[in-house]
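Step one of this worksheet: look at the structure below.
The values are calculated or read from the model by the stated rules, or taken from the named source; none is laboratory data. Not measured: the values here are computed from a predicted model. Cβ placement follows ideal geometry from the backbone for every residue including glycine, while neighbour counts extend to all protein chains displayed. Just the protein is used for accessible areas: all its heavy atoms, side chains included, with ligands, DNA and RNA removed. Shrake-Rupley method; radii C 1.70, N 1.55, O 1.52, S 1.80 Å.
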Amino acid sequence: MFTIENLNGEYVGGVNLNSIDEKNGTFSIGVQVDRDHRGKGYGTRAINILLKYAFLELRLKQI
């Protein structure tokens, strides 16, 4: 699980990779953003970063 923080270093939520199947290159993702910080793009940005990590670094192939 990775922590999502805003520019002030405050905890905003978390994002993680789940059900990683290295043999088939598949995975799922989960995201949680605190109620006070929803609708501000934190979850979207965190998912984009996580997907780049999964596809480019871990070489997974499919969600």
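A few remarks follow.
- Accessible surface calculations at 1.4 Å, restricted to protein heavy atoms, place the chain at 75 Å² per residue.
- The chain - convex hull of alpha carbons, volume per residue in Å³: 77
- Angle between the chain longest axis and helix 42-52 axis [Cα atoms, degrees, rounded to 10]: 20
- Note on surface exposure: Lys23, Lys61, Lys40, Lys52 rank Lys23, Lys61, Lys52, Lys40 by accessible area, highest first, 1.4 Å probe.
- FRET efficiency, 1/(1 + (r/R0)^6) with R0 22 Å, evaluated for Gln32 and Lys52 via beta carbons: 0.65
- Per-atom-type breakdown for the chain gives carbon and sulfur 48% of the accessible area (1.4 Å probe, protein chains only).
- Evaluated with a Cβ-only charge set (Lys, Arg +1; Asp, Glu -1), the chain carries a dipole of roughly 240 debye about its Cα centre, given to the nearest 20.
- Ellipticity at 222 nm from helices only: DSSP H runs of n ≥ 4 in the chain, each -39500 (n - 2.57), divided by the residue count, give -5500 deg cm²/dmol.
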